[in-house]
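Report on the structure given below.
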Amino acid sequence: MRRSRRGFLPLAVSVAAALATSAMALSGGPTSADTAAAGLATEAAGRARYAFNSRVEVEAAVGTVTERRRERGRVDFVEERAEGSVRVARDGDDQVERSEVRLVDGQRYERRLSPTGGAEGWVSDDQGPLDRPLEAAQRLWSWQYEVVELPELLQAVVGDLQRLESTVVRDGPVERYALTVDLRPLAEAGVDVAALGGRSSGTVWVWLDGGGRARRIGTEAPAVRIRAVGGQPVVDVLDKVQLELWDYGVGVDVDAPVASPGAPGERPLS
């Protein structure tokens, strides 16, 4: 479990946010942006709505089908808490899997919702850390984090964001930046590098608004997600994955769920 930093943001947060705002106001935008400043500005904003979308080809009884996962909710970066709803749909399948999630004090909780409106008990879905943790940049590229951890990861990244273009996200002007990530350390962490398709470097795209806050995170296709299973890395190859943030300042009130027996094979809350 990660140590929560809620309740004491450094003075540098507001200073970095102001500097980021000034930089973005320059004609044509800066050629680069400080990654840590983007993390500080995002954290200083406090709360936001988020959407995490992914698409992957999976094997099913009818052959290979496309699975689309969409998670939408609200996140409090200062308290490091979030709540959302998950929708998983597969081509050719009329049944849509739905669930609710909560992130509280470094733990992820989830409960499935039935088509009739009922709900199963809450279970802990914490995968735990890797035995040999990845560095911040590699975690960003491989989506090995929860939404509440984004500002902290950006602050820990070594290297600047290189400006690519001015564009629009949800009707708001943003600047798109690129962060080049060295993938060679992944092999040292036990990742099967063959699953990376021979790549020695990858790119994380970061969209920043006029306040220097993160509005969207993306990676090149095919994307890679690394999960911890028994402390060891497992690689999922995705067709597409993207995290989006908007409506900064929205209210968020999340509590840890009440304990329940859970389902067979799952770890119930204790």
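Things to note:
- Taken together, the residues in the range 84-113 that are modelled with pLDDT under 90 and not in a strand (DSSP E or B) amount to 7.
- Candidate set: the range 230-260, residues that are surrounded by 15 or more Cβ atoms within 10 Å (Cβ to Cβ) and in a loop (DSSP other than H, G, I, E, B); chosen: the one farthest from the chain's Cα centre (by Cα): SER260
- For the range 108-136, the candidate set comprises residues that are of a type in the set (A, V, I, L, M, F, W, C) and farther than 18 Å from ALA228 by Cβ; within that set, the residue that is surrounded by the most Cβ atoms within 10 Å (Cβ to Cβ) is TRP122.
Yes/no matrix, rows are residues, columns are (1) under 16 Å from the mean Cα position of the chain (by Cα); (2) hydrophobic (A, V, I, L, M, F, W, C):
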| position | (1), (2) |
| --- | --- |
| GLY84 | yes, no |
| GLN95 | no, no |
| GLU100 | no, no |
| PRO115 | no, no |
| ALA119 | no, yes |
| VAL123 | no, yes |
| ARG132 | no, no |
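- The set of residues in the range 213-229 that are of a type outside the set (S, T, N, Q) and assigned to a strand (DSSP E or B) comprises ALA214, ARG215, ARG216, ILE217, GLY218, ALA223, VAL224, ARG225, ILE226, ARG227, ALA228, VAL229.
- Residues in the range 172-209 that are among the acidic types (Asp, Glu) and either crowded, with 21+ Cβ neighbours inside 10 Å or modelled with pLDDT of 90 or more (or both): 3 in all.
- If you check ARG170, ARG184, ARG213 for being basic (Lys, Arg) and either touching an Asp or Glu at 6+ places or on another chain (Cβ under 6 Å) or without any contact (Cβ under 8 Å) to a residue 40 or more places away in the chain (or both), only one passes: ARG184.
- Pair list, Cβ under 9 Å, 6 or more apart: the range 191-206 residue closer than 29 Å to ALA36 by Cα, other residue outside any strand (DSSP E or B) and β-branched (Val, Ile, Thr): ARG199/VAL193; SER200/VAL193; VAL204/VAL157; VAL206/THR35
The values are calculated or read from the model by the stated rules, or taken from the named source; none is laboratory data. Quantities reported herein were computed from a predicted structural model and do not represent experimental measurements. Note that each Cβ is placed from the backbone with ideal geometry, even for glycine, and that neighbours are counted across all protein chains shown.
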